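Have a look at the structure below before the remarks.
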Amino acid sequence: MSGVQDDKTSETGHLHAMAEVAAIDATEAGDAVPEAAATEGAGMSVDTAPSPWRRLVSSPVVMTFFFLAVTMVLFSILAPGKFGTTSNFEQLAQNVAILTVVSIGTTFVIATAGIDLSIPSGIVLGEVFALKALGLVTVGSGTAVDVASEDTTAWYVVVALAASLLSGLLLGLINGFTVGYMRIPPMLATLGTLGGGLGIALLLQNGVNTATYALNSVATGQVIPGLSNLVLIGLLVVGIGYVGMHRAVFGRHTLAIGSSEESARRVGLKVERHLLKVYTVGGLASGFGGFLSVAYFSTTSVAGHSTDNLQAITAVALGGTSLFGGVASIIGTLIGVWIPAVLQNGFIIIGVQPYWQMVAVGVVLILAIYSDQLRRRSRSRR
Amino acid sequence: MTSSDDRSPAPALAARSVEKQFGQVRALRGVSFEAMAGEVTALIGDNGAGKSTLVKCLSGVHRPDSGTIEVDGQPVHMTSPTDAERMGIETVYQDLALAPDLDAASNVFLGREIRKFRFLHDQPAMRRQTAKSFADLGVGMVQDLRVPVASFSGGQRQSVAIARAAMWAQHVILLDEPTAALGVIQTAKVLDLIRRVRERGLAVVFISHNLPQVLEVADRVEVMRLGARVARFKSGETDVEQLIAAISGAYTNEVAA
Ligand SMILES: Nc1ncnc2c1ncn2[C@@H]1O[C@H](COP(=O)(O)OP(=O)(O)OP(=O)(O)O)[C@@H](O)[C@H]1O
Ligand SMILES: [Mg+2]
């Protein structure tokens, strides 16, 4: 693999070097065996063990998870038998599933130090494309749009899904091309596609919504008994996102570009092409979110997603993904999606004005970003 | 790899009359440069002489406006650092080119990850190899291989960049002020590493402002001034005073290009 390995003198060189290392870094002699350093973060050398408190405040994921756990316990105590019930959780999980899917996609975008404001247009286009595709399938004297939810077939679902993903793909490619190749700042590029995409969706729909029950079973059915499909799909997307971000070379390169675009370019990563892919992932997630939305709500909602971009960005930031790029957490995003939902739901249950949720989320968001800043500052001061 | 038997071996890496302009700044004005296999060639010159710019032309980061880059005597057209890497040319840049949020192993293998199932990376394997290479290379960087390199000291970060280059280099290694941020012990280790890489038969290009250090480790010294080469020496046949004279323009042994 490496030049070092091919070197015939490697064996002796190795031993020699080990002795050398042990002699010089006497304080860390235990770590001088490379295998030990490799298998168990043994290098936990004297100067890198932070206090538990510092670790807590300098790790946004841990902090927000802690916050979520505490609020859930509090609500369970304050509203016994109402908040902490399975049915309430099932309901919460369904409510956040679509936002989860979209937020996982945008976690990749934010990990590159980018931003995707076009999420609402991605979702609405996904809805409208699904609907238009169903409208192309003739059933009896009408189209698949009008079939009852019991009469739907896998074919209608596949057609609608393909159309939604196509719209997401197109939007993502445009975002990726403008950001990656035309070097337009992501906020402005996706502001453009936000407006443009919504405009096209409204044109296609003449500004009004259309109902359809053809996709209902996708969201409300249960492939696994006891678990609604919508929640199952959300979990699958989290799983795929986790592997994609934290185990795949794709995620590694995404983080490298977010960390230092110039360094990534110097080691030979194709930065433009990778950005194109990342924004395409974001677009696909939005389009898929639109498909799920029309399935779950049985109607398009051309005006109903205008703050979904901000909600997704909030969730991602709460979850400890750095808005400056280079650091991301898929599990964090999952936690970040739940926090606003749990607050909203809990406040309603215990009879507090639910508007407090907005205030609370705002405060937690600022704390999370402050914690990210602390982390960045402390790591680069040395 | 070594061609010591040949009477006049082609340089492992060379620049011929390379020009490079940034806006109004003529950073390189017809500079030539040669690095031979199995030799340490020091490249020295005052701040702004164009050393880093020349290195970036040699490693595919910049494309020369005119002039040619040659590898083993053959002109090459490099459009990216990947082209250089493919020819076994590795570089430690003055600004290091690390991804600060990634850990040491991820940086060492960035863009060349060990893969599982084609699309996954094998982090434990990369971490093992990195630890081994650090030990092999005597970089003595026994640090937690899981923390982001941003939390390393400047010298440790430099060690990571050097280890990365030394690990992958097969033909030429370009080191732009590799010892600038290092303490005495680490500097000694890097100089030692440079000698060992040379023993492997590679061409080593070494930039430094520390002239005694240059004379200690280099076989040959090439001096740049205002974007051009002004002098060449065998390191046994020169001294610090002469090098200073060449750097400041008081001495030259180069026929004007
Ligand atoms: N990307 C760039 N854009 C504009 N000017 C540049 C760029 N890179 C280098 N220069 C200019 O080219 C000249 C040579 O710079 P270079 O970095 O090659 O010098 P150097 O010999 O490496 O100096 P030092 O010893 O300080 O590292 C300088 O005037 C510098 O400002
Ligand atoms: Mg320089």
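Just so you know, all these numbers are worked out from the coordinates, no wet-lab data involved. What you see is a predicted model, and the numbers here were worked out from it, not measured in a lab. In this analysis, Cβ positions are derived from the backbone assuming ideal geometry, glycine residues included, and neighbour counts consider all displayed protein chains.
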For the range B:127-257, divide the Cα radius of gyration by the Kirkwood radius and give the resulting Rg/Rh value with two decimals.
1.03
If each of A:I366 and A:T85 carries a label point 7 Å out from its Cα toward its Cβ, how far apart are those two points in nm?
3.7 nm
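Please compute the net charge surrounding B:Q94, taking Lys and Arg as +1 and Asp and Glu as -1 over other residues with Cβ under 11 Å from its Cβ. Mind dumping the intermediate values first?
Details: positive: B:K51, B:K56; negative: B:D95, B:D176, B:E177.
Net of charged neighbours comes to -1.
Quote the FRET efficiency, to the nearest 0.05, computed for A:D151 versus A:F324 with a Förster distance R0 of 60 Å and r equal to the Cβ-Cβ distance.
With R0 = 60 Å, the Cβ-Cβ based efficiency is 0.75.
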Taking 37 °C and 0.692 mPa s as the conditions, I'd like the Stokes-Einstein D for the protein assembly as shown in µm²/s, using the Kirkwood hydrodynamic radius from alpha carbon pairs.
119 µm²/s
Taking Lys and Arg as +1 and Asp and Glu as -1, residues besides A:T321 with C-beta under 14 Å from its C-beta add up to -1
Whole number please: convex hull volume per residue, Cα atoms of the range A:59-381, in Å³.
137 Å³
Taking R0 as 56 Å and r as the Cβ-Cβ distance between B:D239 and B:F117, the FRET efficiency 1/(1 + (r/R0)^6), rounded to the nearest 0.05, comes to 0.45
Over the alpha carbons of the range B:93-197, what is the largest minus smallest coordinate on each principal axis, giving the biggest first in Å?
43, 31, 22
If I stretch the segment between B:N47 and B:V76 completely, what's the gain in nm (0.36 nm per residue apart, minus their alpha carbon distance), one decimal?
7.6 nm
Local net charge near A:V124, Cβ-Cβ under 15 Å (Lys/Arg +1, Asp/Glu -1):
-2
How large is the Kirkwood hydrodynamic radius of the range B:42-82, counting all unique pairs of alpha carbons, in Å?
11.1 Å
How many partner chain Cβ atoms sit within 10 Å of a residue's Cβ in peptide B:152-158, on average, as a whole number?
1
Separation of the range A:229-307 and the range A:310-327 by C-alpha centroid, Å?
13 Å
Per residue and in cubic angstrom, what volume does the convex hull of the Cα atoms of the range A:231-329 have?
105 Å³
For the A:L232, A:M182 Cβ pair and Förster radius 41 Å, calculated FRET efficiency rounded to 0.05 is 0.60
Please name whichever of B:L120, B:A203, B:L145 sits farthest to the positive end of the charge dipole of the range B:10-248, dipole taken about the Cα centre and charges placed at Cβ: Lys and Arg +1, Asp and Glu -1.
B:L120
Cα extents of the range A:100-192 per principal axis, largest first, Å, are 50, 24, 16
Overall Cα dimensions of the range A:214-286, principal axis frame, Å, largest first:
51, 24, 13
Rh by Kirkwood over Cα pairs, then Stokes-Einstein D for the range A:141-252 at 1.306 mPa s and 10 °C, µm²/s
93 µm²/s
Radius of gyration and Dmax over the Cα atoms of the range B:194-257, both given in Å
12.3, 37
Expressed in µm² per second, the diffusion coefficient of the range A:298-362 from the Stokes-Einstein equation, with Rh the Kirkwood radius over alpha carbon pairs, at 25 °C and 0.890 mPa s, is 188 µm²/s
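What ranking, highest mean first, results for peptides B:99-106, B:21-28 when packing means the other Cβ atoms within 10 Å averaged over each residue?
B:99-106, B:21-28
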Bin width 5 Å, origin at 0, all Cα-Cα pairs of the range B:10-248: what percent of pairs per bin?
1, 7, 14, 18, 19, 16, 12, 7, 4, 1, 0, 0
